[in-house]
Structure formats: structure tokens, C-alpha cells
């Protein structure tokens with residue numbers, strides 16, 4: 001699946017007169033430990049653990065109980081962020097959402113009964129929510145990553 005790169009935003013407000021937060025301002029308020037969501041396209045045919053990487057068509061053919069997706073959302077310059085947030089809070093297909101500091105405004109996680117419902121949910125983000133652009137990434141299966149103990153940073157010797 002090819003996902004086009006979204007062009008950079010030129011507007012500095014959300015259309016409702018409220019200035020959108022700058023990435024530097026958001027990062028200044030975040031805790032010391034920042035969790036990032038990274039989309040990675042694997043070049044190899046395995047996931048690094050020796051198991052073959054499944055093809056999306058094979059996973060979708062199994063007809064999972066629910067289809068989940070991450071949707072990258074760029075709001076229209078005329079869309080107020082609060083309006084979009086209210087839309088997300090009223091849509092039962094929205095599992096979670098994050099404001100992000102990137103060339104998009106939000107990441108939205110959707111859970112739907114099938115592809116037609118997912119298509120409708122993404123269309124609603126644009127038509128009812130006010131998104132100008134969306135890029136959808138289907139979640140296929142979790143990758144097992146063992147929990148790692150975080151080491152405390154060593155202080156300077158006294």
C-alpha cells in the first residue's frame with residue numbers, strides 16, 4: 001500500500017481564530033519520556049524474529065472480528081480543533097486519538113466491523129469532522145516486544 005506524503009501546512013491558525021500550538025511549544029510541555037508512534041515499512045520478508053511477515057490480503061481474508069486502523073488526519077484551515085475533537089468524542093468507532101507534532105494534526109485509531117464501515121468512518125472524518133486530508137493504515141497484527149526494564153541514568157560521581 002502506498003501512502004502519499006502530505007504537503008506541509010501553511011496556515012498558522014485553525015480557522016476559528018485560535019492559533020494552533022507549535023511543535024516546539026508542545027515538546028516544551030511534555031514529560032521527559034516521550035512515547036512516539038512510528039510507522040515502519042519493512043524491506044525484508046521477515047519481522048526480524050524469523051517469522052514470515054503476513055501479506056495484508058491474507059490477514060484480511062481471515063475476516064477478523066474487528067478491523068482497526070490508524071488514520072493520519074490533517075484538518076482543513078477552516079476547521080476548529082475543538083469542533084473536530086467533539087466529532088471524535090461522539091463517534092463510537094473512535095478508540096483513541098492523539099494530537100501530534102508533525103506534518104499532520106492528529107492520529108486517530110478506529111475500530112470497525114468491516115471495510116465498508118471503516119470507509120464510512122474515514123469519510124465522516126472529512127465530511128462531518130472537517131478533515132482536509134486523511135491517510136489510512138490498517139493494523140494487521142501486534143508485534144511481540146518484550147517489556148524492557150528502564151535503567152536509571154547514572155549520576156555524576158560525588
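The values are calculated or read from the model by the stated rules, or taken from the named source; none is laboratory data. Everything numeric in this text was worked out from a predicted model, so none of it was measured. Methodologically, a virtual Cβ is constructed for each residue, glycine included, from the backbone with ideal geometry; neighbour enumeration extends over all protein chains shown.
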**Message:** Being at pLDDT below 95 and touching a helix residue (DSSP H, G or I) at 6+ places or on another chain (Cβ under 8 Å) is true for just one of 145, 67. Which residue is that?
**Reply:** 67
**Prompt:** Scanning the stretch 110-128 for residues that are out of contact with any helix residue (DSSP H, G or I) (no Cβ under 7 Å at 6 or more places or on another chain) and under 16 Å from residue 65 (Cβ atoms), which turns out surrounded by the most Cβ atoms within 10 Å (Cβ to Cβ)?
**Reply:** 118
**Fill in**
Counting only residues in the stretch 70-86 that are in a helix (DSSP H, G or I) and out of contact with any helix residue (DSSP H, G or I) (no Cβ under 8 Å at 6 or more places or on another chain), the one nearest to residue 138 (Cα to Cα) is identified as 85
**Complete:** Flagged in the stretch 87-102 as assigned to a helix (DSSP H, G or I) and either under 18 Å from residue 133 (Cα atoms) or over 18 Å from the mean Cα position of the chain (by Cα) (or both), in numbering order, are 87, 88, 90
**Cβ pairs under 6 Å, 6+ apart, first in the stretch 129-144 and at positive phi and surrounded by fewer than 14 Cβ atoms within 10 Å (Cβ to Cβ), second in a loop (DSSP other than H, G, I, E, B) and at pLDDT 95 or above** = none
**Prompt:** How about the stretch 103-128: which of its residues are under 15 Å from the mean Cα position of the chain (by Cα), touching a residue at least 40 places away in the same chain (Cβ under 8 Å) and part of a strand (DSSP E or B)?
**Reply:** 107, 109, 110, 111
**Prompt:** Are any residues in the stretch 129-144 outside any loop (DSSP other than H, G, I, E, B), over 21 Å from residue 77 (Cβ atoms) and more than 10 Å from the chain's Cα centre (by Cα), and if so, which ones?
**Reply:** 138, 139
